[in-house]
1. Would you check which residues across the range 238-249 are over 22 Å from the mean Cα position of the chain (by Cα) and either polar (S, T, N, Q) or within 25 Å of residue 265 (Cβ to Cβ) (or both) and list them?
2. Within the range 186-236, count every residue that is among the β-branched types (Val, Ile, Thr), under 27 Å from residue 273 (Cβ atoms) and touching a helix residue (DSSP H, G or I) at 6+ places or on another chain (Cβ under 7 Å).
3. Conditions first: (1) basic (Lys, Arg); (2) within 23 Å of residue 140 (Cα to Cα); (3) touching a residue at least 60 places away in the same chain (Cβ under 8 Å). Residue 60 passes all but one, so which condition is the exception?
4. Could you tell me whether residue 18 is modelled with pLDDT under 95 and within 26 Å of residue 155 (Cβ to Cβ)?
5. Please give the number of the condition residue 90 fails out of (1) buried (at least 17 other Cβ atoms within 10 Å of the Cβ); (2) closer than 27 Å to residue 282 by Cβ.
6. Which ones in the range 1-30 are outside any helix (DSSP H, G or I) and touching a residue at least 40 places away in the same chain (Cβ under 8 Å)?
7. Only one of these conditions is not met by residue 144: (1) touching a strand residue (DSSP E or B) at 6+ places or on another chain (Cβ under 6 Å); (2) hydroxyl-bearing (Ser, Thr, Tyr); (3) in a loop (DSSP other than H, G, I, E, B). Which number is it?
Amino acid sequence: MDFFYRHLSSLEKKGIILEKKRVKTVLRRLGNPQDSYPSVIIGGTNGKGSTAVFLDSICRNALIQTGLYTSPHLHTPLERIRISGKKITLENAVRISRIILQAEKEIELTYFEFLTVLAFFYFAEAKVDLAIFEVGMGGRLDATSVVNPVVSVITNISHDHQFYLGNTLKKIALEKAGIIKKNSCVVTGIKSLTLASFISEIAVKKKSAFYRIRTDFSYEKIDRDKFIYRGLSENLVIPHKGLIGDHQFDNASSALASAELLKKKGFNIDSKAMLRGIKSARWDGRFEVVMEDPLVITDGAHNPAGAKALAKTLKSYYSDKKIVFIVGIMKDKNISGILKPLSSVSNTLMAVKPCIERAESTERLAMKASRYFKHVKTFSSVSEAIEKFIKKEKGSILVITGSLYTVAEAEKCLKGIKK
């Protein structure tokens, strides 16, 4: 069984390669499994995973057998591939991996490409009713975008992965819009009129119907988690959403609009399934309360937009509490852009470096953090920082963020403490 993890580890050194030729060749040799079921593809800078989880939850509450493919993972790559909420077993991952390796021959897929092909094959083998794919990066050249979806979703667009996607929002938008296919449907949570108009023009050229938040569907916030959804044809009072934060109103609404379009395509999704689906959605590591005493929250915010959303949520829920951050960030990220919004809710930061080569050093992170935070300390590990907080910071709230790698290490440590 170690074969699966050893093989994935060997692929990590290949890094990121944005082009679909290799994936298409391997899939053709496997009989194009991705074409054997209807699919939804979800891209965007932030919120695409949450939107995918909301939509998956709605469909499962409508008794639709779903395949769900997301990335990255917290603890094991098996988490990325799920059917009806259950992650793929290691036995199935090993078995299908051997089939893929036979189909590869002279082609060497990257880490992400290999797992994407594995998901395509696994979902076809299980004969899922619907597969939901979260784009890895960009869209136009992402391995997931070989599917021909019935609905494409673009949650929002902001600066991230500029090295690969371009340094302007219009260039990034062009890459994201690559998931739009001919004669399909497009749902977007983009609020910028300029970017939404740009995406709309692309949809028109591809003869795909275009549905935009605030124009074709919208929501009205009632309180922290309750909202009114005014959709394409449905008007629903949603008493509770399963994912915390104001930004999740946008994601939930985009998922609901997508569910309405699926209903028009023949899927049996009623209003009860929509209500239950939004309420029961869960997404590990996204504003997740992982310990009650002391209160510890993990959130995988890894870019400025995510950090702003996290800060806004903390202000909404815990404005009267002292907040302490444990932060570890990848060196290729906009570190200052992440730190600045976090400093609006706290003056204390514990700098860490998760166990991955891509992570920024604690010293450089602390130096940048000192521009925004009054109290900054460095720690040799995530676990050391957590233990220090628990001993010294009685009555404060600990928020662990900056990267899902940081969150994953923290959750492993906290499980040991809770035992």
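The values are calculated or read from the model by the stated rules, or taken from the named source; none is laboratory data. As the structure is a computational prediction, the values presented were derived from the model and not from experiment. Note: ideal-geometry Cβ built from the backbone for every residue, glycine included; neighbour counts use all protein chains shown.
1. Across the range 238-249, the qualifying residue is only 238.
2. Total meeting the criteria: 5.
3. Every condition holds for residue 60 apart from (2).
4. Considered against the rule, which asks whether it is modelled with pLDDT under 95 and within 26 Å of residue 155 (Cβ to Cβ), residue 18 comes out as yes.
5. Tallying (1) buried (at least 17 other Cβ atoms within 10 Å of the Cβ); (2) closer than 27 Å to residue 282 by Cβ, residue 90 fails exactly one: (1).
6. 1, 14, 15, 16, 17, 18, 19, 20, 30
7. (3)
Residues are listed down the side, and each one gets a yes or a no for (1) β-branched (Val, Ile, Thr); (2) within 21 Å of residue 282 (Cα to Cα); (3) buried (at least 18 other Cβ atoms within 10 Å of the Cβ); (4) not assigned by TED's automatic domain parsing to the domain that holds residue 159:
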position	(1), (2), (3), (4)
297	yes, yes, yes, yes
301	no, yes, yes, yes
313	yes, yes, yes, yes
325	no, no, yes, yes
339	no, no, yes, yes
352	yes, no, yes, yes
